[in-house]
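Report on one structure; see the data block that follows.
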Amino acid sequence: MSPKTIQLDDRLHAYLLSVSLREPEVLAKLRAETAKHPYAQMQIAPEQGQFMGLLVRLMGATRCLEVGVFTGYSSISVALALPPEGKVYALDVDPEATAMAQRYWKRAGVDDRIELRLGDGTASLDALLAEGRAGTFDFAFIDADKEGYPAYYERSLALLRPGGLMAFDNVLRSGRVVEPKERDSATEAIREFNRALHADERVDLSMVPIADGLTLARKRP
Ligand code: DHB
Ligand code: MG
């Protein structure tokens, strides 16, 4: 038996879900409604949402950041793992997808824990820094345009407390990262981002092969 990560075919993936997924009904409903959206593939996997919720609980996080909200699955997964006084700052450029997210925040009973900030992600992060929030966040989930990851990384790193955690979605790009013929700008951006993060001594790292690949980066004290 090789120590390499096991390949999950559909049956094994279904098994994994059948013995571990505890998806709240509101998230199952959100997933069903999002499946009709033209960009449905941007939604995170349910086991990934559960994993991030577990991380947030483990850390005892109260201040969270999300860059790239889409229809709200990840923000709800994180917000449900927070104590009542916890907060998620949810950043996105899309008023339509986030209108759906807001509907589900209410249905999940977490709308008082999530603050939506519409607009350019880098500008919104700079605004948080200008508001004096540097060093105050526990957790950040980055899941927006892939070309923006370096800018979101630098600003999130500044916003995190020492020991705080960032999670980056889609770091394997459905396997396209290893296909030389795949030259689209998002895949090129992720390749360069992965390379740069590997060499970045400011963070502890693990690239977790869950869903489309999730890199965890902890801000070193
Ligand atoms: C894409 C973006 C995502 O964040 C994702 O989870 C899946 C796909 C995309 O841009 O294709
Ligand atoms: Mg994503």
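Whole-percent P(r), region 10-219, all Cα pairs, 5 Å bins from 0: 1, 7, 16, 20, 22, 17, 11, 5, 1, 0.
Backbone geometry of region 204-221 corresponds, through the Karplus equation with coefficients 6.51, -1.76 and 1.60 at θ = phi - 60°, to 3J(HN,Hα) couplings of 7, 9, 8, 9, 9, x, 9, 6, 9, x, 10, 8, 9, 10, 9, 5, 6, x Hz, x marking Gly and Pro.
Counting heavy atoms of the protein chains alone, residue 153 has an accessible area of about 10 Å² for a 1.4 Å probe. P(r) tail for region 109-171: Cα pairs beyond 16 Å make up 47% of the total. Note on residue 136: accessible area approximately 60 square angstrom, rounded to 10, probe 1.4 Å, nucleic acids and ligands left out. Entry note, the chain: the mean residue ellipticity at 222 nm calculated from DSSP H runs of n ≥ 4, each adding -39500 (n - 2.57), is -12000 deg cm²/dmol after division by the residues and rounding to the nearest 500. Fraction of C-alpha pairs exceeding 21 angstrom in region 97-221: 46 percent, rounded to a whole number. Sorted from greatest to least, the principal axis extents spanned by the alpha carbons of region 58-156 come out as 32, 31, 22 Å. The lysine pair tally for the chain, using Cα distances under 26 Å and a gap of 8 or more places or different chains, is 10.
When the surface is traced with a 1.4 Å probe over the full set of protein chains, residue 25 keeps roughly 130 Å² accessible. Ordered by solvent-accessible area of protein heavy atoms (1.4 Å probe), largest first, the residues 110, 178 come out as 178, 110. Toward the positive end of the charge dipole of region 72-133, with +1 on the Cβ of Lys and Arg and -1 on the Cβ of Asp and Glu, the farthest Cα among 77, 114, 95 is that of 77. The portion of the accessible surface of region 162-221 made up by carbon and sulfur, rounded to a whole percent, is 55 (1.4 Å probe; DNA, RNA and ligands excluded).
Per atom type, region 46-133 shows carbon and sulfur on 52% of its accessible surface, probed at 1.4 Å.
Per residue, the chain exposes 50 Å² of accessible surface when a 1.4 Å probe is rolled over the protein heavy atoms with every protein chain present.
The values are calculated or read from the model by the stated rules, or taken from the named source; none is laboratory data. Since the structure is predicted, the reported quantities are computational estimates derived from the model, not experimental observations. Heads up, the Cβs are rebuilt from the backbone with ideal geometry, glycines too, and the neighbour counts pull from every protein chain shown. These area figures cover heavy atoms from the full protein model, side chains too; ligands, DNA and RNA do not enter into them. Shrake-Rupley method; radii C 1.70, N 1.55, O 1.52, S 1.80 Å.
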